[in-house]
Amino acid sequence: MTITLTLKGVLLTIIAILGIVALAYLIVSMANLVKTLKKTNAILDDAKAITEVAADKAQKLDGAIDGLAESAAGIADALKGNKSVIAAATSVVNAASSVAGVIKKSENKKKSEDK
């Protein structure tokens, strides 16, 4: 029983074995890739949910900040408009204090003269 090997037959056998190994490697790689893609999709879904919540909170905060800014501007305008009222009120208080001081001085003089 004689077996004759030709170089062409040996090379074809080696190429066939390498092809089978490469095919098995590709199958394993694809299975790992599918697992990785599933995990990546889950992470992206979580990130999307977190981003939506953050965007919603940011819009609510933006509205609150706008309201606060408008309130502060309104208060500033009211204070600017009432500057003359505040100055007038201060002048009235100062005048009342002066009148009270004059009355006390005159009462003290009367008490001093009565003694």
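The values are calculated or read from the model by the stated rules, or taken from the named source; none is laboratory data. The structure displayed is predicted, hence computed values, not measured ones. Cβ: placed from backbone, ideal geometry, glycine included. Neighbour counts: every protein chain shown.
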Return a yes/no flag: does the range 21-44 have any residue that is modelled with pLDDT under 90, at negative phi and either under 45 Å from the mean Cα position of the chain (by Cα) or not in a helix (DSSP H, G or I) (or both). no
Ala89 of a type in the set (Gly, Ala, Ser), surrounded by 10 or more Cβ atoms within 10 Å (Cβ to Cβ), in a helix (DSSP H, G or I) and modelled with pLDDT under 70: yes
When you look at Ala78, is it part of a helix (DSSP H, G or I) and at pLDDT 85 or above, yes or no? no
